[in-house]
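The values are calculated or read from the model by the stated rules, or taken from the named source; none is laboratory data. On a predicted model such as this, the values are computed, not experimentally measured, just so you know. So basically every Cβ, Gly included, is an ideal-geometry build from the backbone, and we count neighbours across all protein chains shown. Accessible surface areas use protein heavy atoms only, side chains included; no ligands, DNA or RNA. Shrake-Rupley method; radii C 1.70, N 1.55, O 1.52, S 1.80 Å.
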Amino acid sequence: MRLVVGRIGRAHGIRGDVAVDVRTDDPDARFSEGAVLHTDPASVGPLTIASIRRHSGRLLVRFKGMADRDAAEALRGTTLLVDSEDIAPLDDPDEFHDHELIGLTAVTTDGETVGRIDDVLHHAQDVLVITAEAGHEVLVPFVAALVPEVDVAAGRLTLDPPPGLLDLQITD
């Protein structure tokens, strides 16, 4: 699975630098000299970082082979991606990257299959978006009281929902 880490903005200066809208929690690890990033559209990349610097609170990046403003401007709007396999697991066994949770099967403590984790929303509280087997979405707060077990290796997550939580459906 490929994960978005940034989006290329406008060119900066005449030497091929571009402003990057950072979309990762660890920009120092993702944006370092020599790092290779996949792109969307794929025809533009992969891109190898030649240099990075900060200017007025923005990250400026120069990619190998982009020697002037015109080449840099042609990259505008390109999404920068990394492979999820290249991201190290978190040290805390109770914390997970979104890509580790997406795709897991959600089951109740009784063993009943609820559905598949399709997204993780980050608001005041992290919320799992589960597509139930019946086709509707179920939103479950990602807290230990409701999600007592996450087994990424086994591909499942256990829910201990209060009565009615899994019965709630949003209708248009």
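Assorted remarks:
- Search result, residues across region 94-112 that are part of a strand (DSSP E or B) and open to solvent by 60 Å² or more (accessible area, probe 1.4 Å): none
- Among the strands (runs of 3 or more DSSP E) confined to region 114-172, the ones with at least 2 residues that are without any contact (Cβ under 8 Å) to a residue 40 or more places away in the chain and β-branched (V, I, T) are located at 126-132, 137-141.
- Residues in region 19-46 that are of a type in the set (G, A, S), in contact (Cβ under 8 Å) with a residue 12 or more places away in the chain and within 23 Å of F96 (Cα to Cα): 0 in all.
- Taking region 11-29 as the range and being within 16 Å of R62 (Cβ to Cβ) and in a loop (DSSP other than H, G, I, E, B) as the test, the residues that pass are G13, I14, R15, G16.
- Evaluating D86 against the criteria (1) at pLDDT 85 or above; (2) open to solvent by 60 Å² or more (accessible area, probe 1.4 Å) leaves one unmet condition, (1).
- Criterion applied to V61, V5 was being modelled with pLDDT of 85 or more, within 27 Å of H122 (Cβ to Cβ) and out of contact with any His (no Cβ under 6 Å at 6 or more places or on another chain), and the one residue passing it is V61.
- Single residue of R116, R69 found to be of a type in the set (K, R), within 21 Å of L165 (Cβ to Cβ), open to solvent by 70 Å² or more (accessible area, probe 1.4 Å) and modelled with pLDDT of 85 or more: R116
- Summed over region 37-56, residues that are open to solvent by less than 80 Å² (accessible area, probe 1.4 Å) and either among the basic types (K, R) or part of a strand (DSSP E or B) (or both) total 10.
- Given (1) in a loop (DSSP other than H, G, I, E, B); (2) under 10 Å from V82 (Cβ atoms), index of the condition V5 fails: (1)
- Residue, modelled with the lowest pLDDT, within region 10-29, restricted to residues that are within 19 Å of the chain's Cα centre (by Cα) and open to solvent by less than 40 Å² (accessible area, probe 1.4 Å): T24
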